[in-house]
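Structure first, then comments.
The values are calculated or read from the model by the stated rules, or taken from the named source; none is laboratory data. Quick caveat, the model's predicted, so the values are computed rather than measured. Quick reminder, even Gly has a Cβ in these numbers, built from the backbone with ideal geometry, and neighbours come from all protein chains shown. Just the protein is used for accessible areas: all its heavy atoms, side chains included, with ligands, DNA and RNA removed. Shrake-Rupley method; radii C 1.70, N 1.55, O 1.52, S 1.80 Å.
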Amino acid sequence: MRAPVFRYTHLGTPIHRLHPLVKFLYVMLTLVLVMYPIRITDIPILLIWLGFSAVLWLIARIELRRFTTLMKILVGTFIFLLLIQGFTYRGGHTPLITFGHLRLWEADLGVITREGVVFGLVLCVRILVATSSLPLFVMTTPTSGIMTAMGKLRIPQTATFMFVSALSFTTLLFEMWGSIVDAQKLRAFDIDSMNVIKRAFKAYIPILTPLILLLFRKANDFQIAMETKGFGAPIKPTEIEVLTARPADYAWLAFIIAVFVTCTVLKFGG
Amino acid sequence: MDENKILSLQDVIFTYEGEVVALQNLSLTARRGEFVVVLGANGAGKSTLCYLLSGIAPHIYGGRRRGIVSVAGIDPWDEPLYVTSQVCGTLMQDPEVQLFMPTIRTELAFGPSNLGVPREEILRRSKAALSLVRMDGLEERNPRDLSGGQKQRAALASVLTMQPRVLVLDEPTSQLDPAGRWEVGEAIERLKRSGDLTIVMTTHETEEILHLADQVIVLERGETALMGTPAEVFSQTARLEQAGVKTPALILFQSRVFSGRTTGKNAGERKITLTVDEVAQRVESAVQAGELKVRQTIPASPIPHPAEGNSGTEKNGHTILLEARGISVQYPGPPAVTALKDVSMQVSQGEIVGIVGQNGSGKSTLVKCFVGLLRPSKGEVFFNGESIRKIPVGEMSRRVGLVLQNPDYQLFTASCLDEVRFGLRNVGVAEEEIQPRAEQALRRVGLSEVADLFPFRLSFGDRRKLAVAATLALEPQVLILDEPTTAQDHRGRYQLADLAKRFHDEQGGTVLMITHDVDLIAHYANRLIVLYNGQVLLDGPTAEVFTQVEKLRRSFVVPPVATQLAIKLAPLGVPPDIMTLDQLYAVLGS
Amino acid sequence: MSQQTEKVSSRKTTGRIGGASIAWVTLFGALIGVTALIPIFPYVGGGGYVPLATPFAAIAPLLLGPIGGIVAAIIGGVIGMFIAPAAYPLQLVDVIIGAASPAILVALMIKNKSLWMINAPLFIVIGILGWLVPFYFPGARGGFGKVPEPLYFILAALYWIPSTIIAVTPLGTRLMPEWIVSKKRTQRYAGIFLVILAAMLVWWIPWTRPYWYLYNFSSELGVATHLAYSWWVVALSAITAVITIPIIEALERSGLPKIEGSIW
């Protein structure tokens, strides 16, 4: 199992200091934007938002290799989109590569069209826009900030606690997973050398069974640790984190909304 | 009623759901500021006592109780846990599950904020608690990024912010390395000296707490075997041994050499403050007074010698089985960590090698290279003269068997027998051979009786034995044990090492043991390698390495008490390369 | 207070969700989150992989009881979103379709005795919506082509009608909930497989449609994907069942405290 590549990095950039809720709004607006119906002509809108996101990545001083990793993760999807739209885009009429002719309803499956490939590219940009916002949030917002933001959003304390503690236990789980895989390798059971089918049907049992047993055994100690620290007391908990909005947060908020409104006007206004 | 009496148990009987009687007729009283140490073998009832005091029983582990329990004026049975937690704090063994917040700051604030303590007060308490465990300035660190000792100290600080009047510590150092144990021990000592807190601590490490204890209670199968001041309890070495409790080596030594005059102090005294220097001085006086004589020859060593080699690459007439040639390993970061730096060593057939060093010194990395789990970035590992670079780990497991510290990482089948069969099947052993080989492996480790039992239900010690059986069934030539004494009580601590010794004696096997336990090394290993910062600091015959006190100190390794005494007594003619008390007894005769 | 008074108490921890303790739910949630990084099975439409988190979310109600399982799946989904953000382009939508819904649908199937009145209308609504989105809604206005009918309706119906039938017949209302806790191993395997299959068939519809919309699927691809996934969902359910049984058996033997509402 690969450890997460988009982890929080402690830096003092303006994006790191930005109020988590402002960043969260940026993430949500990105989702809204990518869900707008799409045409080839919408590419400028996507590029504006992608450019905006790139600026945020730059200001946040996120290393280039993280972006490369993102591209690597998406490469399969990009190839899929280019091919599938190349072959089946209903507005495609200029043949780029012709393998033959196989008509199926509206599409000629033997021909890759230029318009199809271009539309595939537009969709790739759409996916890139969609996937670039959340990593930015994750890499620039500490868990304590997320926790406070959840409090501000009136998410119940138990839910926040469960999320935060579960997130904290992921590191332990990565270690446990690695140790179990090693322990089984030592008995000539090597998951890494198995093919997809064998792995899916056979490999996970010797890894997941001890992992879950171990996890549930640890769960009792975790329950003890939290309950002996007053968790579940019928008392209103004290808010420790004080999250105040600074003028810069309002400025960023206005800027993000302005870019979003511009994109929306370009999309529906023109 | 004594106003200072803060903790009281009277005739307590506790039975878990499922009718397991864990404590019987237990009575105990502790006053404000007292330090009570609870000793006993695994299963003696130590943790149950902690659970009863902190309310974990019955709120998390249900059961039946008779008798009276009072902790700072409340009965934890009748109060919800959040009420008990305000008078009684609990620290458990495993720091990993006790830390669950994103930063130390939020971790420390978690408890009091649940109780609605005002923010400023929480911050004040957090600051004080962090300072007490010497972790000032680490507020913003993620607990997951800390060392084992730091994690446990952070967990302790997070309990202290609840401002309990009683602190229950359930084997708080058992999962730590020597440096971590020292750090946590030091924090507990500061706590003890800082005031009114009553501390109840369970442990197997008698040496570490002796100087702090006001009261010692030894449990045996849920009942009180011994109780009293440290001097009173530790004077009864035979009874301690019977209860499966380790008598501190210095006390044991004195009781044997000075025929029962244990401490040289009054038995009624509350504390025992013994040091190697004091005992050495006592021996010196006894020798000068003619009460003791020194024989200047070391008695026959209990340590095995390498078997004779007969083929292949040889070193001093012995076949070299494992060899590391200039291996380096770097873990990718950020930040990148160099775990091994240009390490070279040879292990001959029939050797029993101890490997010691702090966590992070490279011990585990080294043995992972030996079994092929890790491929060094530089250098090469050879088995029987052949590079293992191209050999898959599964293939290597038939040559070098590694038993990891935690058996629960591998046990998953429905029975012990299946567990052993799993590996045999993976390496392609013929079906008709699998059953007898699996049965034989279980017999060898003494688990034939439980062959059909679900491994998860076995005791920790037996689960470790099962892991050894699963490894030995593959018939490796080299057996590597990672921390064979971890989480074992005094009685069970050498079970795995004994199995390895039998593998050595009966099958001519080669054994490597990674450990922090110097007594284990002294008893079993004929060679000792000390790793420090990814490099070999010392490598040689065990007795010789143990005399390098200064170099060992750099790696937080303290030689066995017998060696320390022998070095101090060297001017009297005691050979300094003594490793066990038996050897020392034989040298010092009356 | 009399020393002879015996006090008896079973566990009464405050932190419980359904029958499971908060600690168990949280840790299992963390596990679901972490397994978002483990690709287990390729998916035909989209050029990616289904992570192990999806089958894990599906079995959460079997291990933790319906409520605990659903909560663990939601937590796991959110954790997955944070540790593998690139795999969650639709963020909270992905949490719902990739983690919460498999758990909800399995939870509805394991206690189907009284839930068929919810299941049947729910499955029909999901089925009809899945048929309409995206080729009829937003349809041509959103740039989507025309699908051949009645072929497309029939293909989509293959994913929800069998599950609806199971949900309202004794197979779903009585037999499957009995089989999953049966002492007979074969019966239990069959029960768990059928529960997961019935749930995952319906789940497949809401799981795919947001991405069909995002990727602007052509009608040809919509039809082809329906065909391709007919074996895929069965295979994924089989994998899930194969993983589940040993875990359930191990938990039963473990001596760990049983969770109310779980099947072990």
From the residues in the range B:541-558 that are outside any helix (DSSP H, G or I) and closer than 19 Å to residue B:183 by Cα, which one is least open to solvent (accessible area, probe 1.4 Å)? B:555
I'd like to check which strands (runs of 3 or more DSSP E) are fully inside the range B:4-84 and have at least 1 residues that are open to solvent by 10 Å² or more (accessible area, probe 1.4 Å). B:5-16, B:20-31, B:63-71
When you look at residue B:438, is it within 28 Å of the chain's Cα centre (by Cα) and in a helix (DSSP H, G or I), yes or no? no
Residue selected from the range B:374-402 under the condition under 23 Å from residue A:209 (Cβ atoms) and at pLDDT 95 or above, by the criterion farthest from the other protein chains (Cβ to nearest Cβ): B:401
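Please work out if residue C:186 is modelled with pLDDT under 95, in a helix (DSSP H, G or I) and β-branched (Val, Ile, Thr). Explain how you work it out, then say what you get.
Numbers: modelled with pLDDT under 95: yes; in a helix (DSSP H, G or I): yes; β-branched (Val, Ile, Thr): yes.
When the stated conditions are applied, residue C:186 passes them.
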In the list B:214, B:170, which residue meets the criterion of being at pLDDT 95 or above and either open to solvent by less than 50 Å² (accessible area, probe 1.4 Å) or of a type in the set (A, V, I, L, M) (or both)? B:170
Limited to the range A:245-258, what total is found for residues that are charged (D, E, K, R) and part of a loop (DSSP other than H, G, I, E, B)? 1
Please tell me if residue A:216 is open to solvent by 30 Å² or more (accessible area, probe 1.4 Å), farther than 30 Å from residue A:21 by Cβ and modelled with pLDDT under 95. no
Name the residue that is least open to solvent (accessible area, probe 1.4 Å), counting only residues in the range B:195-211 that are closer than 21 Å to residue B:159 by Cα and in a loop (DSSP other than H, G, I, E, B). B:203
Given A:265, A:261, A:242, which one is in a loop (DSSP other than H, G, I, E, B), more than 10 Å from chain C (Cβ to nearest Cβ) and open to solvent by 50 Å² or more (accessible area, probe 1.4 Å)? A:242
Of the residues in the range C:136-161 that are touching a residue at least 40 places away in the same chain (Cβ under 8 Å), open to solvent by less than 10 Å² (accessible area, probe 1.4 Å) and within 14 Å of chain A (Cβ to nearest Cβ), the one that is farthest from residue C:225 (Cα to Cα) is C:142
Any residue that is surrounded by fewer than 23 Cβ atoms within 10 Å (Cβ to Cβ), within 14 Å of chain C (Cβ to nearest Cβ) and not in a loop (DSSP other than H, G, I, E, B) - is there at least one of those in the range A:226-239? no
Out of all the residues in the range A:177-213, which are more than 8 Å from chain B (Cβ to nearest Cβ) and open to solvent by 20 Å² or more (accessible area, probe 1.4 Å)? A:178, A:192, A:194, A:195, A:196, A:197, A:198, A:199, A:201, A:202
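Residue-by-condition table, conditions (1) closer than 30 Å to residue C:219 by Cα; (2) β-branched (Val, Ile, Thr); (3) in contact (Cβ under 8 Å) with a residue 40 or more places away in the chain; (4) open to solvent by less than 20 Å² (accessible area, probe 1.4 Å):
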| residue | (1), (2), (3), (4) |
| --- | --- |
| A:117 | yes, yes, no, no |
| A:124 | yes, no, yes, yes |
| A:129 | yes, yes, yes, yes |
| A:139 | no, no, yes, yes |
| A:147 | no, no, yes, no |
| A:152 | no, no, yes, no |
| A:157 | no, no, yes, no |
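Looking at A:33, A:56, A:50, A:46, which one is away from chain C (no Cβ under 11 Å), open to solvent by less than 20 Å² (accessible area, probe 1.4 Å), under 14 Å from residue A:135 (Cβ atoms) and part of a helix (DSSP H, G or I)?
A:56
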From the list B:119, B:134, B:105, B:141, which residue is open to solvent by 30 Å² or more (accessible area, probe 1.4 Å) and more than 12 Å from chain A (Cβ to nearest Cβ)? B:134
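Out of the residues in the range B:501-540 that are aromatic (Phe, Trp, Tyr) and closer than 18 Å to residue B:485 by Cα, state the one that is surrounded by the fewest Cβ atoms within 10 Å (Cβ to Cβ). Please lay out each step first, then the result.
At the first step, the residues of the range B:501-540 found to be aromatic (Phe, Trp, Tyr) are B:503, B:524, B:532.
In the following step, the residues that additionally are closer than 18 Å to residue B:485 by Cα were identified as B:503, B:524.
Numbers: B:503: 24, B:524: 26.
The residue in question is B:503.
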Please work out which residue is nearest to residue B:555 (Cα to Cα), limiting yourself to the range B:146-167 and to residues that are surrounded by fewer than 24 Cβ atoms within 10 Å (Cβ to Cβ) and polar (S, T, N, Q). B:147
The correct count of residues that are open to solvent by less than 30 Å² (accessible area, probe 1.4 Å) and under 15 Å from residue C:203 (Cα atoms) in the range C:112-125 is 3
So residue B:481 fits all but one of (1) more than 27 Å from the chain's Cα centre (by Cα); (2) assigned to a strand (DSSP E or B); what number is the exception? (1)
Considering each of A:109, A:70 in turn, give the residue that is modelled with pLDDT under 90, open to solvent by 40 Å² or more (accessible area, probe 1.4 Å) and out of contact with any Gly (no Cβ under 8 Å at 6 or more places or on another chain). A:109
